[in-house]
Amino acid sequence: MNNYKKEFNFIDAKKHRANIEAEITDRNGYPEFTASGEYCGSAGQCLDAIEPRTEEQRAFIGLWNNYHLKNISEVSIEGKTFFDYLIQLIASIEAEQAIYNDRREDAEEELTEDEKLLEQIEEYGINESDIDACRAYLEAMGSGTDLSDFLESYQGEYRSDKDFAQETAESCGLINEGAGWPNNCIDWEQAARELMYDYTEQSGFYFRNL
């Protein structure tokens with residue numbers, strides 16, 4: 001059996017990084033498995049301190065605990081030699097860790113963006129309950145936009161352009177809200193098309209073009 005040495009790392013359930021070295025070496029004519037690691041500033045045999053976050057991590061800790069400094073020439077796990085099983089297990093740990101890292105970076109980036117958005121909301125005196133409308137406003141108005149004109153531009157949230165047009169007409173006193181006629185004779189879809197030349201809709205939120 002060829003010698004094998006692999007260094008890898010993962011984040012455990014306590015959100016601490018474990019730096020691991022796994023090795024298979026020839027020991028007096030038979031293959032011997034050894035493992036060591038660095039965890040929270042401690043190096044060497046730190047497996048008891050690691051709290052596995054995934055089944056793959058748990059499986060590796062099991063190998064470490066059961067086969068460290070032992071002859072693994074006759075060991076078979078899940079129909080594979082110890083060597084093949086170890087290689088596939090470490091590859092699975094690394095693949096899962098890469099996905100975990102990407103998700104954590106995305107979450108940190110999203111948190112940072114939310115923090116920046118909340119700073120603007122406070123700066124311009126906007127109600128925090130309008131945070132989704134603020135996101136829609138920034139998306140609709142494009143890069144380089146801030147929230148300085150949000151309060152002047154924001155018209156509210158509506159189910160459709162038609163509803164927005166009718167509500168706008170009522171709020172301007174152009175029609176009587178409780179009257180059937182002439183409301184039921186108005187082509188609100190056409191009215192909405194003309195109105196939207198001066199407004200922008202994003203995710204159900206409506207903004208006046210300034």
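The values are calculated or read from the model by the stated rules, or taken from the named source; none is laboratory data. Since the model is a prediction, treat every value here as computed from it, not as a measurement. Counting neighbours? That spans all protein chains shown, and the Cβs are built from the backbone with ideal geometry, glycine included.
The table that follows gives values for the structure above.
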quantity	calculated
Residues of the stretch 111-131 classified as touching a residue at least 24 places away in the same chain (Cβ under 8 Å), surrounded by fewer than 10 Cβ atoms within 10 Å (Cβ to Cβ) and under 25 Å from the mean Cα position of the chain (by Cα), total	0
Residue in the stretch 50-68 that is assigned to a helix (DSSP H, G or I), among the hydroxyl-bearing types (Ser, Thr, Tyr) and either surrounded by 11 or more Cβ atoms within 10 Å (Cβ to Cβ) or at pLDDT below 95 (or both) present	yes
The stretch 194-210 residues that are farther than 18 Å from Ile131 by Cβ and touching a residue at least 24 places away in the same chain (Cβ under 8 Å), paired with ones that are part of a loop (DSSP other than H, G, I, E, B) and not charged (D, E, K, R) (beta carbon under 7 Å, 6 or more apart)	Tyr199/Asn209; Thr200/Asn209
One residue from Ile24, Ile93 being part of a strand (DSSP E or B), in contact (Cβ under 8 Å) with a residue 60 or more places away in the chain and either over 22 Å from the mean Cα position of the chain (by Cα) or surrounded by 12 or more Cβ atoms within 10 Å (Cβ to Cβ) (or both)	Ile24
Identity of the residue in the stretch 88-139, among the small types (Gly, Ala, Ser) and out of contact with any strand residue (DSSP E or B) (no Cβ under 7 Å at 6 or more places or on another chain), that ends up farthest from Gly204 (Cα to Cα)	Ala91
Count of residues meeting criterion [among the aromatic types (Phe, Trp, Tyr) and modelled with pLDDT of 90 or more] in the stretch 30-45	2
Glu108 vs. criteria assigned by TED's automatic domain parsing to the domain that holds Ala191 and assigned to a helix (DSSP H, G or I)	no
Of the criteria (1) of a type outside the set (Ser, Thr, Tyr); (2) closer than 30 Å to Tyr199 by Cα; (3) at pLDDT 95 or above, which one Glu94 fails	(2)
